[in-house]
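Comments concern the structure below.
The values are calculated or read from the model by the stated rules, or taken from the named source; none is laboratory data. Since the structure is predicted, the reported quantities are computational estimates derived from the model, not experimental observations. Here the Cβ positions follow ideal geometry from the backbone for every residue, glycine too, while neighbour counts run over all protein chains shown.
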Amino acid sequence: MSNQKVVVITGASSGIGEATARLLAQNGFKVFGGVRNPNRANSIAGVRFGTVDVNDDASVTNFVEWVLAEAGKIDILINNAGVSLVGPVENTSTAEAQRLFDTNVFGPLRMIRAALPSMRAARSGLIINVSSVLGFLPAPFMGLYASSKHALEGLSESLDHEIREFNVRVVLLEPTFTNTKLDVNAAHTEAPLGVYEKQAYATIETVQAQIKSAPSPQVVAAKILAAINGPYRMRQPAGGNATLLSRLRRFMPANAVDKSLRKTFGFGR
């Protein structure tokens, strides 16, 4: 079996996933990109694309079995596929919340269940779950997205304890807002904003302004490469002010964090 490291990354057709697939291939990794439709993915030297729907058990199983048949192993799994949702918690339908969690939480879970047995057998592996700063610092009108990332962070910490004895580790990659289609074109809840309209629009304007000057996907991709090649650290804030926000959350009093967050989004007390 080749010593070349084999990487599987979901959501590889655009944004952070595409940038990461390209960078890893350029750095000598054998990359398999999971996408919904390989025909729509831009060709990248050194990257092989395969069909996967992370919301479907059979699709995930077939994709991982294809990679193992082609490469014989999976050294690194990057769970990057995700969706966003903007809107008041009260106005979010159960169906909207379920769709979000199906991709952002159960998608990584499906991929982990499929890939982990081969990593355990090899007694070697790294799982990188792409979370968000909202996974430790929730923002208004992104409550369901933030809760899905909180869930992913809890899953990741628990999993890391469970699989460490097999020499497999888990990394949480926590980007700030990034200049990608996911952040620019985030879906909105279907119900009218109603009494939340003023605050919701203020939040959306603030976020859109931040996205304009946000880091590119290439910045986050470089952080993923560093997480693979560098010393192990579970939480890896990525891009922009992600590291600062992580430190503020850890070391500032909760009341000060609350006031700062509300000031950022133009809210009252």
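Couple of notes before you dig in:
- For the stretch 199-224, the set of residues classified as of a type in the set (Val, Ile, Thr), out of contact with any helix residue (DSSP H, G or I) (no Cβ under 7 Å at 6 or more places or on another chain) and within 21 Å of ASN80 (Cβ to Cβ) consists of VAL207, VAL219, listed by residue number.
- Only a single item in (1) of a type outside the set (Gly, Ala, Ser); (2) in contact (Cβ under 8 Å) with a residue 24 or more places away in the chain; (3) part of a helix (DSSP H, G or I) is not met by VAL89, and it is number (3).
- Counting the residues of the stretch 231-248 that are in a loop (DSSP other than H, G, I, E, B), more than 21 Å from ARG169 (Cβ to Cβ) and of a type in the set (A, V, I, L, M) gives 0.
- Residue within the stretch 129-139 that is closer than 21 Å to VAL54 by Cα, surrounded by fewer than 21 Cβ atoms within 10 Å (Cβ to Cβ) and of a type in the set (S, T, N, Q) present: no
- Odd one out for MET111, checked against (1) within 21 Å of SER13 (Cβ to Cβ); (2) surrounded by fewer than 23 Cβ atoms within 10 Å (Cβ to Cβ): (2)
- Residue satisfying all of: in the stretch 249-265; part of a helix (DSSP H, G or I), modelled with pLDDT of 75 or more and touching a helix residue (DSSP H, G or I) at 6+ places or on another chain (Cβ under 7 Å); surrounded by the fewest Cβ atoms within 10 Å (Cβ to Cβ) among these: THR264
- Members of the stretch 110-126 found to be within 12 Å of ASP57 (Cα to Cα), touching a strand residue (DSSP E or B) at 6+ places or on another chain (Cβ under 7 Å) and of a type in the set (Gly, Ala, Ser), listed by number: none
- Residue count, the stretch 210-256 (criterion: closer than 18 Å to GLU153 by Cβ and touching a residue at least 12 places away in the same chain (Cβ under 8 Å)): 17
- Test: residue in the stretch 60-78 that is under 24 Å from SER132 (Cβ atoms), out of contact with any strand residue (DSSP E or B) (no Cβ under 7 Å at 6 or more places or on another chain) and acidic (Asp, Glu): no
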